[in-house]
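Nothing in this text is a laboratory measurement; each read-out follows from the coordinates by a stated rule. No experiment lies behind these values; they were computed from the predicted model shown. Methodologically, a virtual Cβ is constructed for each residue, glycine included, from the backbone with ideal geometry; neighbour enumeration extends over all protein chains shown.
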Ligand SMILES: [Fe+2]
Ligand SMILES: [Fe+2]
């Protein structure tokens with residue numbers, strides 16, 4: 001499963017053995033590069049960036065680190081090794097051999113799943129394209145670019161599946177993936193959270209923590225797929241995704257650390273005084289957190305969903321860690337508790353488990369988010385500051401599903417619209433908050449220097465020191 005870098009498109013799928021497919025992807029490649037030049041990181045061409053590149057798809061030691069000139073990054077097609085004799089582990093086809101070709105009856109559903117996943121990858125690159133101009137350090141700039149090139153590679157992963165298994169429709173979808181634009185009024189990206197702006201580094205780190213983690217849960221569910229090429233593609237993408245979430249969690253952690261340090265040093269607690277020290281006050285961080293968490297929850301879709309039920313029954317998309325769950329994996333007659341609205345009260349009701357799979361995946365996701373927030377709180381606690389970050393309630397600020405039209409406070413109280421309007425400035429970042437954070441965003445590019453509002457990391461990338469020259473400017 002070593003990756004052939006002598007090919008125009010690096011791959012471990014024996015692309016050279018399928019000339020038609022190779023030609024089709026080589027035709028798409030320059031269009032991808034055009035998109036990258038137009039919508040990838042602003043002003044980054046001619047930077048040498050210390051990046052990791054996949055050299056094998058094995059789980060141990062797959063990455064190689066070296067300086068790469070940005071547009072010359074070798075985007076390629078890497079699938080995890082096949083599991084011989086793999087069987088479908090859930091749904092109506094449970095126990096049958098995994099499919100190596102697309103079953104005709106599921107063709108359009110599978111294509112839709114792949115396009116929806118694929119669309120998020122270039123979207124996040126577009127959302128983050130200006131952040132390099134205000135990087136807090138070379139270390140952070142390098143991490144941003146690492147995430148960006150890998151999201152570009154994730155697009156390649158999905159485009160490979162479209163080209164290899166979906167004929168002309170797949171090729172058309174691959175073109176359309178380069179045509180939609182995040183936030184565009186006429187031709188937006190498919191999912192809401194991927195049309196939001198990521199204007200500053202606080203937003204970026206929270207996006208990487210919350211929204212890349214949604215990516216993890218979606219990919220994990222698709223790794224269970226009965227369609228084996230999709231499963232193997234997603235398995236390798238998950239290996240890359242871990243770093244994106246690390247960038248998010250450690251980035252927010254370093255902001256918290258720096259804020260707490262400044263608060264202690266100057267003995268101030270009041271947000272305005274904390275801001276005057278040139279660091280991000282914790283209530284502002286909480287409001288940003290509320291925003292990113294709630295828009296990401298919407299990505300899981302409606303609480304009750306017949307699409308989600310079909311995906312599972314048809315063996316296309318499993319549950320998170322499907323094979324580790326101790327049940328029949330068919331969900332015959334099974335129930336799952338979902339949150340519902342009864343007048344102005346939130347109640348738990350029992351629903352058909354197979355209809356409630358979006359809600360279940362969302363719940364699995366929330367558990368992992370809560371663990372991360374607890375780790376952030378330990379940094380605050382250790383500094384001796386009396387403040388606690390919290391995830392807002394699941395029903396807070398939702399635009400999709402049962403709570404789309406309800407007004408729910410972060411604590412989970414259904415409130416009248418007047419109260420929502422009155423308090424939303426305390427609950428969500430206001431323009432004034434965003435303007436304040438924007439004033440902190442400067443560009444720090446001296447090796448070993450870090451912007452005032454963020455602590456240096458505990459250690460560097462690839463065992464390099466924190467003052468390593470992670471990016472060299474031409
Ligand atoms: Fe991705
Ligand atoms: Fe990611």
ask   = Add -39500 (n - 2.57) for each DSSP H run of 4 or more in the chain, then divide by its residues: what number comes out at 222 nm, to the nearest 500 deg cm²/dmol?
value = -16000 deg cm²/dmol
Whole-number D in µm² s⁻¹ for segment 58-183, Kirkwood Cα-pair radius fed into Stokes-Einstein, 10 °C, 1.306 mPa s = 93 µm²/s
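Multiplying the sequence separation of residue 472 and residue 185 by 0.36 nm and subtracting their Cα-Cα distance, what value in nm do you get?
99.7 nm
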remark   = On the formula 1/(1 + (r/R0)^6), with r taken between the Cβ atoms of residue 388 and residue 108 and R0 of 45 Å, the FRET efficiency rounded to 0.05 is 0.45
note = For the residue 430, residue 334 Cβ pair and Förster radius 41 Å, calculated FRET efficiency rounded to 0.05 is 0.40
ask   = What percent do you get for the relative contact order of segment 325-404 when only Cα pairs under 8 Å and 6+ apart count?
value = 20 percent
query = Going highest first, how would you order 198-207, 349-358, 313-322 by mean Cβ packing within 10 Å?
reply = 198-207, 313-322, 349-358
query = Ranked highest first by average number of other Cβ atoms within 10 Å, how do 145-156, 26-37 line up?
reply = 145-156, 26-37
key: Stretchable slack from residue 420 to residue 366, in nm (0.36 nm times residue separation minus alpha-carbon distance)   = 17.1 nm
Rg followed by Dmax, in Å, when the chain is reduced to its Cα trace = 22.6, 68
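What percent does the relative contact order of segment 321-474 come to when contacts are Cα pairs within less than 8 Å and at least six residues apart? It would help to have the intermediate numbers written out before the result.
Working: 123 pairs, mean separation 17.6, N = 154.
Contact order relative to length: 11 percent.
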ask   = Across bins of 5 angstrom width beginning at 0, how are the C-alpha pair distances of segment 125-223 distributed, in whole percent?
value = 3, 11, 18, 23, 21, 14, 7, 3, 1
query = Gain in length, residue 100 to residue 27, computed as 0.36 nm per residue apart minus the alpha-carbon separation, to one decimal in nm?
reply = 23.8 nm
query = Going out from 0 in 10 Å bins, what whole percent of all Cα-Cα distances in segment 187-311 drops into each bin?
reply = 12, 32, 30, 16, 8, 2
task = Using only Cα atoms, locate the centre of segment 391-405 and the centre of segment 3-49, then give the distance between them in Å, rounded to an integer.
result = 40 Å
message = Distance between the C-alpha centers of segment 221-264 and segment 295-330? Whole Å please.
response = 21 Å
The chain - percent relative contact order, Cα under 8 Å, separation 6 or more = 19 percent
key: Overall dimensions of segment 322-468 by Cα: Rg and Dmax, Å   = 21.2, 61
query = Based on the Cβ-Cβ distance of residue 325 and residue 264, what FRET efficiency does E = 1/(1 + (r/R0)^6) give at R0 = 41 Å, to the nearest 0.05?
reply = 0.35
inquiry  = So for each of 274-282, 82-90 I average, over its residues, the number of other beta carbons within 10 Å; can you give me the resulting order with the highest mean first?
reply    = 274-282, 82-90
